[in-house]
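Visitor: Please read through the structure below; I'll follow up with questions.
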């Protein structure tokens, strides 16, 4: 999707959605954490430049923890949207891969804007739904592959 058709990029340039009032711009350096898994937050982020990795902690059978990346997001992508609609803590961490600039939109501001501008709100919700749907499908495919690998690695496939 080009920046011209991305509803978040259009929102950030909307004269009724002003930088410094409805949203803020923040620069991050490589390896900085935007937010950690388990944090309370309602902000939605739009990547203006750079790359952000979404990852979570996976506890291994001993005291080791690994942090596999689910996806890398680049310019015009968004993340943190689940915090707009859920009172649950962040389910993953967001870490900057290379220097980046992010737009941060507070959840209350976003929800209020979507109610006050229902046509734009609908477009934003549709865009978020399509992205979440795509991410869920990719996660299901990865989970299926990991599950199949585990079955083969432990010889369970021979018992089926």
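Taken together, the values in this text are just the output of simple stated rules run on the coordinates, not laboratory data. Quick caveat, the model's predicted, so the values are computed rather than measured. All Cβ positions, glycine included, derive from the backbone under ideal geometry; neighbour counts span all protein chains shown.
Visitor: If you line up the long axis of helix 118-153 against the longest principal axis of the chain, both from Cα atoms, how many degrees apart are they, to the nearest 10?
Guide: Compared with the principal axis, the helix lies near 10 degrees.
Visitor: Still on this model: Quick check on the chain: of the DSSP beta bridges with both residues there, what percent are antiparallel, nearest 5%?
Guide: Bridges in the chain that DSSP calls antiparallel: roughly 95 percent.
Visitor: Between residue 76 and residue 146, how many nm apart are label points set 7 Å from Cα along the C-beta direction?
Guide: That separation, rounded to one decimal, is 3.0 nm.
Visitor: Pulled fully out, how much extra length does the chain show between residue 135 and residue 19, if you take 0.36 nm times their separation in residues and subtract their Cα-Cα distance?
Guide: Value of the extension gain: 38.9 nm.
Visitor: While we're looking at this one, here's another question. Rank by packing, highest mean first: peptides 108-120, 45-57, with packing defined as the count of other Cβ atoms within 10 Å averaged across residues.
Guide: 45-57, 108-120
Visitor: Let me ask something additional. For residue 31 and residue 106, what is the calculated FRET efficiency with R₀ set at 30 Å and r taken between the beta-carbons, to the nearest 0.05?
Guide: 0.75
Visitor: Once every DSSP H run of n ≥ 4 in the chain is given -39500 (n - 2.57) and the sum is divided by its residues, what mean residue ellipticity at 222 nm do you get, rounded to the nearest 500 deg cm²/dmol?
Guide: Helix-only estimate at 222 nm: -11000 deg cm²/dmol.
Visitor: How long is the gain from residue 125 to residue 157 if the chain were fully straight, where each residue apart is worth 0.36 nm and the alpha carbon distance is subtracted?
Guide: Result for the pair: 7.3 nm of gain on full extension.
Visitor: Could you point to the label whose value was computed as Rg/Rh (Cα atoms, Kirkwood Rh) for the structure here, given (i) 1.08; (ii) 1.05; (iii) 1.12?
Guide: Of the listed options (i) 1.08; (ii) 1.05; (iii) 1.12, (ii) comes from this structure.
Visitor: Quick check: Cα centre of segment 73-120 to Cα centre of segment 144-160, how many Å?
Guide: Answer, in whole Å: 37.
Visitor: Taking the chain as a Gaussian network, where each spring joins two C-alpha atoms under 10 Å apart, which residue of 71, 104, 43 fluctuates the most?
Guide: Per the Cα network of the chain with a 10 Å cutoff, 71 tops the list.
Visitor: Build a GNM of the chain with springs between Cα atoms under 10 Å: which of 63, 26, 123 gets the top mean-square fluctuation?
Guide: Most flexible of the set in this elastic network: 63.
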